[in-house]
Amino acid sequence: MKNNVNVNDWIAMFRDIGLDQAKMKQWHSLFEARHPNGHQSFLEWLGLKPDEIDRIRSAGR
Amino acid sequence: MKTYSISRIARACGLSRSTLLYYDRVGLLRSSARTGSGYRVYNEKDLSRLARIRQLREAGLSLKEIRSVLATGGKPGTRLLEERMRKTAEEIVGLKNQQRLLAGMLRKVASGKRPGCVDKQMWIDMLKAAGMDQGAMNRWHTEFERRSPDGHQEFLLSLGIPPSEAARIRSLSRGEPGN
C-alpha cells in the first residue's frame, strides 16, 4: 500500500491541533527513547530519506 | 625456460580457460609460443605478466586500462590511480546506501506491516506524551480525515486497527454521529 501522507502534511496536522516546534521535538525524543524501532519505521513510512531519518533520530537521543 | 599449457596456468591461477583465451584475443596476454599443433605455450615471463594483470584487476582497473598500463612500462600513472580511488569511494557510498535500504526492507519484512512496530496503544501513548488529550486526538483525526482520507484509512490500518473500527473513527472524524 502506498503512503500518500508526507512529512509536510503530518507537520501541518500537528500544528493545526496545537503542537508547536518544541512539542514536536519533545515528541521525537520520547518516541526515540520509548520505541526506537517504531520511530524508525514511522519516519520511513512518512517517506523520509535515510540521512534525514538519522538526523531526526540522533537529535532525539 | 619452463613452459606451461593454457589449462595448467588456468588451474594454477584459478582463472577459466576462456578468460585466458579472451585475454589472448584482446591482446592483453599472448602466449609467447605455440606447439607444432597450434597449442598455446606460456613461459615464466607470460606468467609474471598474468600476475601483474590480476593484481591490477583486483585493484579495480578495467582490462582496457590494464592494457594501456602494460603497454607503457607496467606502472600505472598517478592520474589513473586517483581516478580509480575516486570511483571506489563512489562505489562505497553506493554500497552503503544499498546496505541501508536492505536493512530497512528486512525490518519491514520482519515486522510484516507498516509502519511496522508501531501499534495503536504505542501511538496513543506517544500522542498523550506529547500533551494531546482526547479532545486534541479527536481534532487530529478530523484534520487527518479532511486533508487525506486515504492516508487516514491507511494509517489506522497500519496501527493494526480492524477495518470496522477504522470506519467508525473516520465517520466520527467527518462529524457524522456514532452508532
Take the residues of region B:114-134 that are open to solvent by 80 Å² or more (accessible area, probe 1.4 Å) and assigned to a loop (DSSP other than H, G, I, E, B): which is modelled with the lowest pLDDT? B:114
Going residue by residue through region A:33-54, is there one that turns out to be in contact (Cβ under 8 Å) with a residue 24 or more places away in the chain, more than 19 Å from residue B:103 (Cβ to Cβ) and either more than 7 Å from chain B (Cβ to nearest Cβ) or surrounded by 16 or more Cβ atoms within 10 Å (Cβ to Cβ) (or both)? yes
Which pairs do you get when a residue that is within 17 Å of residue B:82 (Cα to Cα), found in region B:48-64, comes within reach of a residue that is assigned to a helix (DSSP H, G or I), reach meaning Cβ atoms under 6 angstrom, with the pair 6+ apart or on two chains? B:56/B:66; B:60/B:84
Enumeration of residues in region A:1-32 that are facing chain B (nearest Cβ under 7 Å) and among the hydrophobic types (A, V, I, L, M, F, W, C): A:1, A:5, A:13, A:17, A:19, A:27, A:30, A:31
Verdict on residue B:106 being at pLDDT below 80 and surrounded by fewer than 14 Cβ atoms within 10 Å (Cβ to Cβ): yes
Counting just the residues of region A:1-16 that are open to solvent by less than 10 Å² (accessible area, probe 1.4 Å) and more than 12 Å from the chain's Cα centre (by Cα), which one comes out modelled with the lowest pLDDT? A:5
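The values are calculated or read from the model by the stated rules, or taken from the named source; none is laboratory data. Source: prediction; values computed, not measured. Methodologically, a virtual Cβ is constructed for each residue, glycine included, from the backbone with ideal geometry; neighbour enumeration extends over all protein chains shown. All accessible areas refer to the heavy atoms of the entire protein, side chains included, with ligands and DNA or RNA removed. Shrake-Rupley method; radii C 1.70, N 1.55, O 1.52, S 1.80 Å.
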